[in-house]
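Please treat every number below as a calculation from the coordinates, not as lab data. Because the structure is predicted, anything quoted here is derived from the model rather than measured. Counting neighbours? That spans all protein chains shown, and the Cβs are built from the backbone with ideal geometry, glycine included.
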Amino acid sequence: MQEVENKEFIPTIVAFCCNWCSYAGADLAGTSRLEYPANVKIIRVPCSCRVNPMFILKAFQSGADGVILCGCHPGDCHYMTGNYYTRRRMSLLFSFLNYLGIEKERTRVEWVSAAEGARFSMVMNDFAAKIKELGENKRLQDLRIKGDR
Ligand code: FES
């Protein structure tokens with residue numbers, strides 16, 4: 001029997017999640033058996049403000065089609081003001097992405113608490129669908145190390 005090759009595009013999605021809220025939210029989604037795409041690769045960080053905007057560019061350079069940053073809701077950061085820094089940095093990054101020619105819809109900031117497993121699942125499903133719609137991220141491709149993707 002001849003095998004039919006499935007050419008369906010499966011985006012690579014990187015999700016930076018703060019340890020205290022969003023990662024716990026992801027955990028709750030898992031223990032509640034709520035589904036979110038398997039192509040979402042979670043990177044746990046101590047706080048959303050630990051994510052330097054360069055990490056996001058590096059993820060795109062390394063072949064990510066979408067990068068999402070999740071943290072505690074404003075006012076709930078374990079380190080008090082970390083997510084306020086995140087919000088400011090990311091809004092600067094969004095305008096920089098336009099300059100680089102990367103669609104800004106390829107990145108997003110979302111606040112997800114430890115009690116919001118359902119929200120985590122919904123956000124990831126929605127983001128993955130949006131990235132799938134946008135297609136492969138071809139920007140920064142020339143900077144990729146051969147064999148990266
Ligand atoms: Fe979650 Fe700071 S600890 S955003």
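Structure above, values below:
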{"read-out": "Ala64 vs. criteria farther than 20 Å from Glu116 by Cβ, part of a loop (DSSP other than H, G, I, E, B) and either within 9 Å of the ligand (Cβ to nearest atom) or in contact (Cβ under 8 Å) with a residue 60 or more places away in the chain (or both)", "value": "yes"}
{"read-out": "Residues being surrounded by fewer than 22 Cβ atoms within 10 Å (Cβ to Cβ) and not in a strand (DSSP E or B) - total across the stretch 24-48", "value": "14"}
{"read-out": "Matching entry among Leu93, Leu57, Leu97, Leu69 (being of a type in the set (A, V, I, L, M, F, W, C), under 22 Å from Asp126 (Cα atoms) and either without any contact (Cβ under 8 Å) to a residue 40 or more places away in the chain or near the ligand (Cβ under 9 Å from one of its atoms) (or both))", "value": "Leu97"}
{"read-out": "Set Ser48, Ser121: member being within 11 Å of the ligand (Cβ to nearest atom) and among the hydroxyl-bearing types (Ser, Thr, Tyr)", "value": "Ser48"}
{"read-out": "Filter result (part of a strand (DSSP E or B) and within 14 Å of the ligand (Cβ to nearest atom)) within the stretch 4-23", "value": "Ala15, Phe16, Cys17, Cys18"}
{"read-out": "Unique residue being in contact with an Asp or Glu (Cβ under 9 Å, 6 or more places away or on another chain) and acidic (Asp, Glu) when the list is Asp126, Asp65", "value": "Asp65"}
{"read-out": "Single unsatisfied condition, Ala59 versus (1) under 17 Å from Gly135 (Cα atoms); (2) not in a helix (DSSP H, G or I)", "value": "(2)"}
